[in-house]
Amino acid sequence: MPEATFSTLSLVQSNHVAQITLNRPEARNALNRLAYSELEQVFRRVQSDKDVRCVVLTGQDPAFCSGDDVKELMTGDSVSTHPRLHAVRPQITPAAAAILDCDRPVIAAVNGAAVGWGMDLALMADFRIASEHAKFGELFVKRGLVSDVGGLMRLPRLVGPEKAAELLMTGDIISGEEALRIGLVLDCVAHEALLERAGTLARKIAENPPMAVRYLKEGLRRSFHGDYHEMGTWVSQTLGILFQTEDHREGVASFLEKRAPDFVGR
């Protein structure tokens with residue numbers, strides 16, 4: 001396919017493997033509106049490229065993805081006013097839909113912090129390989145919000161409902177080693193070995209018959225992961241409510257002001 005130019009990420013293809021690298025290192029690869037849009041675009045592009053058999057998703061050091069860009073998305077005219085959240089039946093986050101709709105296996109090479117939507121992003125992949133620098137945290141509760149489909153659907157299936165509830169309801173951050181222990185990731189390796197480990201797995205998958213691999217992914221989705229579009233609708237409806245709360249505004253303010261929050265239940 002023709003060369004594509006992105007501002008917040010890069011796409012490199014070789015030997016039937018597409019490597020997508022989030023590239024906002026100055027913001028620890030936080031996702032602003034443009035980054036969300038480009039993430040959706042790049043996965044739609046990969047899905048339409050017959051040459052791609054496997055995808056590696058990573059971040060430019062020092063982070064994998066630190067979630068939403070709080071200053072851009074949660075202050076002033078925030079995402080709370082987005083028409084999608086207030087539709088009669090709001091749809092799943094478009095970037096999440098593009099990733100979950102992709103029928104090529106996706107390997108998240110988690111090179112650093114994967115928190116908030118960054119952890120959900122890793123959970124949307126079929127495999128997660130962590131470096132020794134990786135950190136995982138479902139921080140939504142700290143902002144008075146709920147996670148996306150990664151945390152609510154995929155996390156409980158990987159680590160069990162009680163451990164998932166603990167991670168979701170406390171917002172605790174865990175290491176790559178702990179993520180391996182609880183079954184959140186496939187492997188945890190030295191930082192400098194991360195991309196080679198992910199690349200080796202991607203190439204091994206890409207050597208197999210691509211149609212069989214794609215149908216295997218679809219079979220696993222049907223048997224294990226469930227209807228993420230229905231859950232995505234519920235998430236969007238719920239966020240439309242929670243973005244209006246005092247506790248959400250306090251969660252954002254306390255984060256930006258670097259102080260302990262005072263939640264009031266409104």
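No value in this document is a laboratory result; all are computed from the given coordinates. Predicted, not measured: the structure shown is a model, and the values here were computed from it. With ideal geometry, Cβ positions are generated from the backbone for all residues, glycine too; neighbour counts draw on all protein chains shown.
Give me the angle, in degrees from 0 to 90, between the Cα long axis of helix 194-206 and the longest principal axis of the Cα atoms of the chain, rounded to the nearest 10.
Relative to the chain, helix 194-206 is tipped by roughly 60 degrees.
If you plug each phi of the range 149-163 into the Karplus form 6.51 cos²θ - 1.76 cosθ + 1.60 with θ = phi - 60°, what whole-Hz ³J(HN,Hα) values come out, in order, with x for Gly and Pro?
5, x, x, 7, 10, 7, 4, x, 6, 8, 10, x, x, 5, 5
In the chain, if every C-alpha pair distance is counted and binned at 5 Å from zero, what percent goes to each bin?
Taking all Cα pairs of the chain, the binned fractions are 1, 6, 13, 18, 20, 19, 13, 6, 3, 1, 0, 0 percent.
As a test of understanding, state the convex hull volume per residue of the range 115-157 from its alpha carbons, in Å³.
68
Tell me, what ³J(HN,Hα) does each residue in the range 21-35 have, in order and in whole Hz, if you take phi through Karplus 6.51 cos²θ - 1.76 cosθ + 1.60 with θ = phi - 60° and put x for Gly and Pro?
Taking θ as phi minus 60°, the curve returns 10, 5, 9, 10, x, 5, 10, 6, 6, 5, 9, 9, 4, 5, 5 Hz for the range 21-35.
How are the C-alpha pair distances of the range 167-235 spread across 10 Å bins, as whole percents from the shortest bin up?
So the P(r) values, bin by bin, are 15, 27, 39, 18, 0.
Show me the ranking of peptides 247-258, 184-195 by mean Cβ neighbours inside 10 Å, starting with the highest.
Ranked by mean Cβ neighbours within 10 Å, highest first: 184-195, 247-258.
Projected onto the charge dipole of the chain (+1 at Lys/Arg Cβ, -1 at Asp/Glu Cβ, origin at the Cα centre), which of 195, 228, 242 gives the Cα projection farthest towards the positive end?
228
Given the chain, what count of lysine pairs have C-alpha atoms under 18 Å apart, with each pair 8 or more places apart or on different chains?
Lysine pairs meeting the criterion: 8.
Using DSSP to define loop residues, name the trypsin sites (Lys or Arg not before Pro) in the range 16-56 whose beta-carbon has at most 10 other beta-carbon atoms within 10 Å.
Those satisfying the criteria are 50.
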